[in-house]
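Data block below; observations after.
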Amino acid sequence: MAIKRKSGKTFEGLIDYIMVQIKVYKEYNHPIEFYTDALRNNIFYQTKSKEFHTGLYSEGAFNERKSGTPNNKLCQEHWYGLKRLTDEILNGSYSKDALVKLIKEKAGWNYTTSEENVQLKNAKQSYEKAGIKLNTYNGWINTGDGEYPKPTELINANTLIKSKHKFW
């Protein structure tokens, strides 16, 4: 008989799990890919909540949303890249508090289209190289159709951690 459990995963549980995995990784000589994949998947699922949304939409995602596509059909594209983040975690030396701060700063995501998500992977998460501009939903509305935001309104995802995540 299979036992059904309600998921008890919490952000605090994720941090405890990562701390254990870092210790095991550093103590044993297992390939890093085992840990990278496990941590990346767990971080991905724990950061799907709206608290990790940067508030930014690509122009393509904005147009999809405006045409009636619900947010859950858009990609939640992690602007920093979770593989890069997990490599940083495994190869760094973080206290529990520093790990919490690191994940909250770098695991944020923007809404993009699936095509833009592929473009970003190919451009190594560089929005500039992929030619993808970001703005808030209201920012896109206020600039008018087909117009790019004024430079003062455009939010650069690479500097996002300094301005957007102050609510933590």
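Counting every pair of alpha carbons in the range 97-136, the share spaced more than 16 Å apart comes to 44 percent.
Put in line by how crowded their Cβ is, counting other Cβ atoms within 10 Å and starting with the fewest, T54, T112 read T54, T112.
Which of the trypsin sites (Lys or Arg not before Pro) across the range 38-141 are loop residues per DSSP, with 15 or fewer other Cβ within 10 Å? Mind dumping the intermediate values first?
On the way: sites: R40, K48, K50, R65, K66, K73, K83, R84, K96, K101, K104, K106, K121, K124, K129, K133; in loops: K48, K124, K133.
In loop regions of the range 38-141 (DSSP not H, G, I, E or B), the sparsely surrounded trypsin sites (Lys or Arg not before Pro) are K48, K124.
Could you list Y94, Y35 so that the one with the fewest beta carbons within 10 Å of its beta carbon is first and the one with the most is last? Could the numbers behind the result be given before it?
Numbers: Y94 17, Y35 20.
With the fewest neighbours first, Y94, Y35 line up as Y94, Y35.
Relative contact order for the range 12-163 using alpha-carbon pairs under 8 Å, separation at least 6, rounded to a whole percent? Computed over the range 12-163, the figure is 29 percent.
In a solvent-free Debye calculation with one equal scatterer on each Cα, what is log10 I(q)/I(0) for the range 12-163 at q = 0.08, 0.12, 0.16 Å⁻¹, listed in the order of the q values? Log10 I(q)/I(0), no solvent term: -0.26, -0.55, -0.88. A crude spin-label estimate for the pair K48 and K66, with each label 7 Å from Cα along the Cβ direction, gives 2.9 nm.
Every number in this text was worked out from the coordinates using simple rules, so none of it is lab data. This is a predicted model, so every value here is computed, not measured. With ideal geometry, Cβ positions are generated from the backbone for all residues, glycine too; neighbour counts draw on all protein chains shown.
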